[in-house]
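Below is one structure, written out as structure tokens, with a few remarks after it.
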């Protein structure tokens, strides 16, 4: 499914405007994934915790690569 979504995604031009509200939405998602990871870790659900933290890290990496964080 990820391969299909990636192939379908079209990159925008380098000068595309990014709205601050969208960056805040991504930051909120990062925080929620991190909270989920901590919750699952405390429930001894390490695999699910790892998946949640991986999502958070991926979103943060994207913001950094886009120079938005």
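Couple of notes before you dig in:
- Taking Cα atoms only, the orientation of helix 46-65 departs from the longest principal axis of the chain by about 20 degrees.
- Taking Cα atoms only, the orientation of helix 20-42 departs from the longest principal axis of the chain by about 20 degrees.
- Label-point separation, residue 10 to residue 35 (7 Å along Cα→Cβ), nm: 3.6
- Length available on full extension from residue 62 to residue 50: 0.36 nm per residue minus the Cα-Cα distance, which gives 2.5 nm.
- Only one of [x] 45, 28, 16; [y] 99, 22, 6; [z] 49, 22, 15 was calculated from the structure for Cα extents along the principal axes in Å, and its label is [x].
- Arranged from fewest to most other beta-carbon atoms within 10 Å of their beta carbon, 28, 36, 15 become 15, 28, 36.
- Summed over qualifying helices (DSSP H, 4 residues or more, each -39500 (n - 2.57)) and divided by its residue number, the chain shows a 222 nm mean residue ellipticity of -24000 deg cm²/dmol.
Each reported figure results from applying straightforward, stated rules to the coordinates on display, with no laboratory input. Since the model is a prediction, treat every value here as computed from it, not as a measurement. Glycine gets a Cβ as well: all are built from the backbone with ideal geometry, and neighbour counts include every protein chain shown.
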